[in-house]
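Below is one structure, written out as structure tokens, with a few remarks after it.
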Amino acid sequence: MSHGTRDTACSDIAVRYPAGMSKQPSHPSYPIDETHDPKLESWVESANDPSTDFPIQNLPLAMRLTEADDGDGFWAGIVVAVGDELLDLNLLAASDIFDDDDDDWDFMSIEDLMADGLWSRLRPKVQRLLRKDDKRLRDHRERGRIMSPAEGAVFALPLLTGIGDYTDFYASIYHATNVGSMFRPENPLLPNYKWIPIGYHGRASSIVASGAEVRRPMGQTVADGESEPKYGACKRLDYELEVGAFIARGNEQGEVIPIGEAEEHLFGVCLVNDWSARDMQKWEYQPLGPFLAKSFATTISPFIVTMEALAPFRCGAFVRDKDDPKPLAYLRSDANEKFGGIDMQVEALISSKQMRDKGMEPVRVSRTSFRHMYWTIAQMLTHHASNGCNMQAGDLIASGTVSGPGAGEAGCLLEATWKGAGKDREPIKLPTGETRFFLADGDEVTLRGWCEREGFRRIGLGECRGVVTPAKG
């Protein structure tokens, strides 16, 4: 089986390009404009570093935890990442810098910024404030309070009120085919895969912020050759390299979200590690799919990179084989066909405790592209609501494991250690001499993601980290 990808298609959609800027076609909901101009520089010098995840063309949002003045607890505030500094949006709004602005600067959370496209209107104004030729904040008496170093910052989950609901999809045909081949070598893909975006309802309450420890789960497993299960610690703990999307605007129960409008319901993306207990999953997944093997923990990165920032990096949807069925009409649109994908590189790295104790860098296990996904985010959202399911602002949908067609592009250890024939496996080798078929206690998994395209500034998603701790029976 072979599947290809294509470059971004051309379009007659009108966009606003500054003089001399690369004329890249863009999604109609998120036009490329002056905020994406690669020539823009900031007075925050670290934001001008070509390797930074956070130039002023990005401006991702996060919730930072700050200790209360009296030492009794913490409070969460909205920050924007700019190079290696953080801009406190709450303190900025409380300053006198935008006193003459007629927009709404009265907000407490990222949920407030999602509502009615508020951040879409404020983002260009914040960017202007950070430009090298703007003195308002640079020379402001309260700059030292409004701006602070990112190093050492502690982040909460991005949404102050919590993530409302969480759905995880299975949108990579390479991942689905690889996993299917392990268990059904004669029929890797089930008949519905190419017709319907497959997903399961995850557990929003066990989503944790990057950096949180992840406890090895307990559960039922059946050893090879045995017929009866035993209850104990998971022995085959895995990570899953995924991309998540936050919903900015929902739909009424009983109503649908048309594919042509789906992008307008999206706010931005993050990295997702959907930790998986493979031995528990193997025992429980039939007939209703994932349950306790997935619900113990899901880690997400702290920053939401908005759809506006991603505009230059949109690409065509996955190109299906000529024998594959076309998506049904409700999952098909010209804009999704041309711009539904995101040309984003993602990677997963592992470091053992022994490696960290010796000061060794983590080992990259996988690097692939999000453009390999068989279904787009818009298709996932449209299908999710196609039965009248009421999506809500603050919901999170995840892509499922991002795997690609080549060597080194497997988005989880289950795939990365599989040799592709029978049950033979080859472990990941670490520089300390340790080997891994699955994760050991003390292992840290780091996910990274970034977008690059000629004629535009590189932007990134930051990191998504989690350390495995021993089971608690």
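Computed from the coordinates by the stated procedures, all read-outs in this text should not be read as laboratory data. Nothing here was measured: the structure is a model prediction, and the numbers come from that model. All Cβ positions, glycine included, derive from the backbone under ideal geometry; neighbour counts span all protein chains shown.
Quick notes on this one:
- Computed FRET value (nearest 0.05) for Asp104 with Ala329, which takes r as the C-beta separation and R₀ as 41 Å: 0.60
- Distance (nanometres) between label positions extended 7 Å along Cα→Cβ at Ala223 and Arg121: 6.5
- Quotient of C-alpha Rg and 2.2 N^0.38 Å, computed over segment 166-469: 0.98
- Applying a DSSP loop filter and a limit of 14 other Cβ atoms within 10 Å to the trypsin sites (Lys or Arg not before Pro) in segment 421-463 leaves Lys423.
- In segment 13-130, the convex hull through the Cα atoms has an average projected area of 9.2 nm², a quarter of its surface area.
- Using the Cβ-Cβ distance between Gln253 and Glu337 with R0 = 22 Å, the FRET efficiency computed as 1/(1 + (r/R0)^6) comes to roughly 0.15.
- 3J(HN,Hα) couplings calculated from phi for segment 451-459 with the Karplus curve 6.51 cos²θ - 1.76 cosθ + 1.60 (θ = phi - 60°) are, in sequence order, 10, 9, 7, 4, x, 9, 6, 5, 10 Hz; Gly and Pro show x.
- Inter-site label distance for Asn48 and Thr161 at 7 Å from Cα along Cβ, in nm: 4.2
- Rounded tilt (10° steps) of 173-183 against the dominant C-alpha axis of the chain: 20
- For Arg356 and Asp321, the difference between the fully extended length at 0.36 nm per residue and the C-alpha to C-alpha distance is 8.2 nm.
- Principal-axis tilt of helix 118-130 within the chain, Cα atoms, nearest 10 degrees: 60
- Helical runs (DSSP H, four residues minimum) scored at -39500 (n - 2.57) apiece and divided by the length of the chain put the mean residue ellipticity at 222 nm at -3500 deg cm²/dmol.
- Here's the picture: a label point sits 7 Å out from the Cα of His201 along the beta-carbon direction, and within segment 375-416 the residues with their amide nitrogen under 19 Å of it are 380-400.
- In this structure, Arg364 and Lys472 have a Cβ-Cβ separation that, at R0 = 41 Å, corresponds to a calculated FRET efficiency of about 0.85.
- Entries of Lys282/Lys353; Lys235/Lys294; Lys194/Lys294; Lys39/Lys338; Lys235/Lys282; Lys230/Lys472 with Cα pairs more than 18 Å apart: Lys282/Lys353; Lys194/Lys294; Lys39/Lys338
- Separation of segment 319-363 and segment 64-126, taken as the distance between their Cα centroids, equals 31 angstrom.
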